[in-house]
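So the structure is just underneath, and the comments pick up after that.
The values are calculated or read from the model by the stated rules, or taken from the named source; none is laboratory data. From a predicted model like this one, the values you see are computed outputs, not experimental measurements. Heads up, the Cβs are rebuilt from the backbone with ideal geometry, glycines too, and the neighbour counts pull from every protein chain shown. Surface areas here come from the heavy atoms of the whole protein model, side chains and all, with no ligands, DNA or RNA. Shrake-Rupley method; radii C 1.70, N 1.55, O 1.52, S 1.80 Å.
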Amino acid sequence: MRKLFVATGNRDKLREIRAILGDSVEVVSLHDVPPYPEPAETGETLLENALIKAREGYARTGLPSLADDTGLEVEALGGAPGVFSARYAGENASYQDNVRKLLEELGSRPLIERSATFRCVMALVDGEREVWWEGAAEGVILSEPKGTSGFGYDPVFYSYELKKSFAQATAEEKNSVSHRGRALQSLVSEVQQLLSNIK
Ligand code: ITT
């Protein structure tokens, strides 16, 4: 089976990526290759950061490399945390730290002022081409966490489509409407085609 390197060490993302890609490719990650320092995410956009990670992955492994960069954009906060979602409450912030900071920033605003978009860019670099796909999910930020599934900001992200928080949804439900699920769905058939062209 063709191997696809997914340039992330985030096991929560990996679990979702593996579930969505299914048996179409063999996914290997940062946990399966000799360690290398992860490149600094110095880009100003999700796409720039996804490309930084995918290019480094390809340079290090020689395998077609996929990278995910995700951001939560909250309208009332001018699009924050956006590209800084992983380090919103500081370098090495935990998921809980970031959620706490987000709830503090939003304070007692009513739901109507808590609109948010999860956006995910997936970039693939294989030595011949650089391609990317984007997926988005719309919702609102709840005033307190609900549910225990998923990860990151899932407990406070209420999905309009699912009518519950991502952390109250099953993995299948989340993947069917999520930013990551959507980016990957449009990638699946193309990845198979791209990989079958690689000698
Ligand atoms: P890699 O760069 O190694 O892929 P990361 O955790 O640093 O992993 P990002 O830079 O893309 O990933 O940061 C996105 C942050 O947004 C992540 O740490 C989570 O806190 C959050 N996040 C990403 N996808 C999410 C999802 O599906 N549901 C909830 N929160 C998510």
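Residues in region 136-158 that are buried (at least 19 other Cβ atoms within 10 Å of the Cβ), of a type outside the set (A, V, I, L, M), on the phi < 0 side of the Ramachandran plot and in contact with a Lys or Arg (Cβ under 8 Å, 6 or more places away or on another chain): Asp154, Pro155, Tyr158.
If you go through region 140-158, how many residues are assigned to a strand (DSSP E or B) and under 16 Å from the mean Cα position of the chain (by Cα)? Total satisfying the criteria: 1. Applying the set (1) open to solvent by 60 Å² or more (accessible area, probe 1.4 Å); (2) touching a residue at least 12 places away in the same chain (Cβ under 8 Å) to Ala59 leaves exactly one unmet item: (2).
Does Arg180 fit the bill of being within 21 Å of Asn49 (Cα to Cα) and open to solvent by less than 10 Å² (accessible area, probe 1.4 Å)? Yes; evaluated as a whole, the condition is true for this residue.
Pairs are defined by a Cβ separation below 7 Å, a sequence spacing of at least 6 or placement on different chains, a first member in region 62-86 that is under 18 Å from Phe5 (Cα atoms) and near the ligand (Cβ under 7 Å from one of its atoms), and a second member that is among the β-branched types (Val, Ile, Thr) and not in a helix (DSSP H, G or I); the pairs so defined are Ala67/Thr8; Asp68/Thr8; Asp69/Val121.
In this structure, Tyr153 does not qualify as farther than 22 Å from Gly43 by Cα and either hydrophobic (A, V, I, L, M, F, W, C) or at pLDDT 95 or above (or both). Taking the condition within 13 Å of the ligand (Cβ to nearest atom), part of a strand (DSSP E or B) and in contact (Cβ under 8 Å) with a residue 40 or more places away in the chain, does Leu124 pass? So Leu124 does not fit the description; no.
Considering Glu41, Glu105, Glu48, which residue is of a type outside the set (Lys, Arg), open to solvent by 30 Å² or more (accessible area, probe 1.4 Å) and closer than 23 Å to Ile141 by Cα? Explain how you work it out, then say what you get.
On the way: Glu41 fails: closer than 23 Å to Ile141 by Cα; Glu48 fails: closer than 23 Å to Ile141 by Cα.
Matching residue, one of Glu41, Glu105, Glu48: Glu105.
Among the residues making up region 63-86, those that are open to solvent by less than 50 Å² (accessible area, probe 1.4 Å) and more than 15 Å from His179 (Cα to Cα) are Leu63, Pro64, Ser65, Leu66, Ala76, Leu77, Gly79, Ala80, Pro81.
Residues that are part of a helix (DSSP H, G or I), under 11 Å from the mean Cα position of the chain (by Cα) and small (Gly, Ala, Ser) within region 170-190 comprise Gly181, Ala183, listed in sequence order. Checked against (1) modelled with pLDDT of 95 or more; (2) closer than 21 Å to Phe151 by Cα, Ile20 passes all but condition (1).
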